[in-house]
1. Which of the residues spanning the stretch 190-220 are out of contact with any helix residue (DSSP H, G or I) (no Cβ under 6 Å at 6 or more places or on another chain), part of a loop (DSSP other than H, G, I, E, B) and at pLDDT 90 or above?
2. Give the residues of the stretch 168-223 that are among the hydrophobic types (A, V, I, L, M, F, W, C), touching a strand residue (DSSP E or B) at 6+ places or on another chain (Cβ under 9 Å) and surrounded by 19 or more Cβ atoms within 10 Å (Cβ to Cβ), sorted by residue number.
3. Give the number of residues within the stretch 241-264 that are part of a helix (DSSP H, G or I) and within 21 Å of ASP170 (Cβ to Cβ).
4. Where in the stretch 1-111 are there helices (runs of 4 or more DSSP H), lying fully within it, with 2 or more residues that are surrounded by fewer than 10 Cβ atoms within 10 Å (Cβ to Cβ), within 27 Å of the chain's Cα centre (by Cα) and not assigned by TED's automatic domain parsing to the domain that holds SER124?
5. Go through VAL235, VAL240 for me and flag whichever is hydrophobic (A, V, I, L, M, F, W, C) and either assigned by TED's automatic domain parsing to the domain that holds VAL132 or touching a residue at least 12 places away in the same chain (Cβ under 8 Å) (or both).
Amino acid sequence: MELKNLNSFRAAHRAVAYEMQRQIMILNEGGVIEQETRGWNDDAGESYSMRGKENAHDYRYFPEPDLLPVEFTDEDIENFRKGLPELPETRRERFIRNYQITPYDAHVLTLEKPCADYFEAAASKAKSPKLVANWIVGDLMRELSESGKTFADCPLSPNNLRAMVDLIHDGTINGKIGKTVFSEMFATGRTAAEIIQEKGLVQVSDEGAILKFVEDAITINPAQVQQYKEGKKNVLQYLVGQVMKASRGKANPQTVLKLLAEKLDA
């Protein structure tokens, strides 16, 4: 197959990566890779068929007269192989094995080297590499896309992201507060600890402190309480939401759920 309209190294890199995935998908579905010339649309990030080629000689290959033949020994080839950096497929498999992340996340994280480097820098010392992967694949990639930035000029360092994710993992803040903290970290470059301390965002896990919010939610929502007692258990999530709203998102959701269930089932 031949690719045309590659006007930069970046375009060539993106086109080859796209074609790899396109052809893998075709083969996995039992299809056949056609001999053809395809054009590259850099804006759309995809290739398109231009014309078919029935045989290899249709490409009219010819030798370059100004280049001398180059011969490599098996030893040369082995030395070249040893000098190669870790290839994306190998890195993908290592991420799955070492960090216990999903094949999908590993695939997304290794599409570009700067992204894979960022993840590894953040995950290598993280308490939950899987949680780090979730934040990168979701929130961080969205912020980068919307701001027109890349991992190369990301205002949020891998270490700062890792520190924030560790706070979520430890229960210092919950996921909802984490999103607020994350957005400010990305916008300002400040650390999670600084933002949490300044805004008083530490998650409340003390049952005694949360119990007051729970009792208030039960008192001011008698209709929902009655529905719960009649068997409509999904109403419990509504009451959890009321407690979270009253606590300004600081209450530990698991503790809220536990206390509500205990009170309503008593």
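The values are calculated or read from the model by the stated rules, or taken from the named source; none is laboratory data. Predicted model only: the values in this text are computed from it and were never measured. Every residue, glycine as well, gets a Cβ built from its backbone with ideal geometry; the counts of neighbours run over all protein chains shown.
1. ARG190
2. Of all residues in the stretch 168-223, those among the hydrophobic types (A, V, I, L, M, F, W, C) come to 168, 173, 177, 181-182, 185-187, 192-193, 195-196, 201-202, 204, 209-211, 213-214, 217-218, 220, 223.
Filter again for touching a strand residue (DSSP E or B) at 6+ places or on another chain (Cβ under 9 Å), leaving 204, 209-210, 213-214.
Answer for the stretch 168-223, where residues must be among the hydrophobic types (A, V, I, L, M, F, W, C), touching a strand residue (DSSP E or B) at 6+ places or on another chain (Cβ under 9 Å) and surrounded by 19 or more Cβ atoms within 10 Å (Cβ to Cβ): ILE210, PHE213, VAL214.
3. Here is the first cut: in the stretch 241-264, the ones part of a helix (DSSP H, G or I) are 241-246, 253-264.
In the following step, the residues that additionally are within 21 Å of ASP170 (Cβ to Cβ) were identified as 244, 253-259.
Number satisfying all stated conditions: 8.
4. Working: elements: 9-28, 74-83, 88-99, 103-109.
By residue number, 9-28.
5. Numbers: VAL235 fails: either assigned by TED's automatic domain parsing to the domain that holds VAL132 or touching a residue at least 12 places away in the same chain (Cβ under 8 Å) (or both).
Residue meeting the stated conditions: VAL240.
Residue by residue, here is whether (1) at negative phi; (2) in contact with a strand residue (DSSP E or B) (Cβ under 7 Å, 6 or more places away or on another chain) holds:
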site	(1), (2)
LYS4	yes, yes
PHE9	yes, no
GLN21	yes, no
GLY45	no, no
